[in-house]
Structures are given as structure tokens and as C-alpha cells.
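Asker: Okay, here's the structure, questions in a sec.
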Amino acid sequence: RSLDDSSVGASNFYIQILGSLQDMTQSLNYITKLSHKHVNNNHKKLKFNQIKELSEISQTVKHFFEETKHIFEIQAFDKSSNVVEQKTAIDVSLKRNIDSQVLRTRNEDSSPKNTTLYFSLLIETKDLMNAIAGLVEEYNAKYNQSLD
């Protein structure tokens, strides 16, 4: 009840960070459970192009995680623009993959379960990237505030 101004700012920061971490956890949990359920129910495997595109996204996301981890390790929050640029590039790739799948769905005989899984993985990956970028941006804002 008797928070001073600095405590209110710290509390707000803590709540924002907690929200980003919860979003990240929910996205990872959803991706994992969805993939496991698909395999566990013996649904058909993804098509070659879907696997190829997911592998490419996976490599890009891995690099994104490594860059983000490095920023936190050295506390170089002023480099958050790198993370935002990488997130934007990933968003473009995800959109391109979604568009490609829409065309494949219209032109090929594809399994509805596979298509649903593929779209869900792409969309949830985008949500995960948004949560991570939000976390870094929040730390960057706090870092910049401490410089003032």
C-alpha cells in the first residue's frame, strides 16, 4: 500500500517481464504439446516442403535465441535493435511460409491435420518471437531509463 515512486516503477517492470515470460512459456508448451499429440496419434508426417520450411525457421529461431541470450549475458540491452531486426526477418519468413502453405492447400491434396499442425506451429512461433522481443525491449527501455 505504501509504495514509493521507485517501487511502483520496479513493480511495473516486474509485471511486464513476468507477462513476457508467461507468454514464452505458454507458446513453448503449446508447440510441444501440439507436436507430441500429432505424433502420438499417428497422424501422417508433414510433407517435405513443410519439413524443409520448418527446419529453416528452426535455424533462424535458434540464431535469434543465441543472439538474445548473448544480449542478456553481457547485459547489452542497447543492442536490442538487433533482436527486433531478426524478429522482423522471422516474421517475413513466417508470413511467406503461411502464404506458401495456403497455395499448397489449394493446389494439392493435403491432410487437414497436417495443415492445421503446420499453421499452428507457424503462428505460435510468431507469438513466441513477439514475447521474446517484448522481453528484450522492456529490458532496453529500463536500461535507457537508468541512463537518464
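All of the numbers you see were taken from the coordinates with simple rules; none came from a lab. In this text, all values refer to a predicted model and were calculated from it rather than measured experimentally. Please note: Cβ atoms are built from the backbone with ideal geometry, for glycine as well, and neighbour counts cover all protein chains shown.
Asker: Might you check whether a residue that is surrounded by fewer than 15 Cβ atoms within 10 Å (Cβ to Cβ), among the polar types (S, T, N, Q), in a helix (DSSP H, G or I) and touching a residue at least 12 places away in the same chain (Cβ under 8 Å) occurs anywhere in region 36-58?
Answerer: Within region 36-58, one or more residues are surrounded by fewer than 15 Cβ atoms within 10 Å (Cβ to Cβ), among the polar types (S, T, N, Q), in a helix (DSSP H, G or I) and touching a residue at least 12 places away in the same chain (Cβ under 8 Å).
Here's the yes/no breakdown for (1) closer than 12 Å to Ala133 by Cα; (2) touching a Lys or Arg at 6+ places or on another chain (Cβ under 8 Å):
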| residue | (1), (2) |
| --- | --- |
| Asn12 | no, no |
| Gln16 | no, no |
| Leu21 | yes, no |
| Thr25 | no, no |
| Asn29 | no, no |
| Phe64 | yes, yes |
| Thr68 | yes, no |
| Ile98 | no, no |
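Asker: Does Thr115 satisfy the condition of being touching a residue at least 24 places away in the same chain (Cβ under 8 Å), among the hydroxyl-bearing types (Ser, Thr, Tyr) and either surrounded by 15 or more Cβ atoms within 10 Å (Cβ to Cβ) or at positive phi (or both)?
Answerer: Details: touching a residue at least 24 places away in the same chain (Cβ under 8 Å): no; among the hydroxyl-bearing types (Ser, Thr, Tyr): yes; either surrounded by 15 or more Cβ atoms within 10 Å (Cβ to Cβ) or at positive phi (or both): yes.
In short, no.
Asker: Give me the pairs, please: first residue somewhere in region 62-79 and hydroxyl-bearing (Ser, Thr, Tyr), second residue anywhere and surrounded by 12 or more Cβ atoms within 10 Å (Cβ to Cβ) and in a helix (DSSP H, G or I), beta-carbon distance under 7 Å, and either six or more positions apart or on two chains.
Answerer: Close Cβ pairs satisfying both conditions: Thr68/Val83; Thr68/Ile132; Thr68/Val136.
Asker: Next question, about the same structure. Residues to consider are Tyr30, Tyr14; find the one that is among the aromatic types (Phe, Trp, Tyr), assigned to a helix (DSSP H, G or I) and more than 26 Å from Ala141 (Cβ to Cβ).
Answerer: Tyr30
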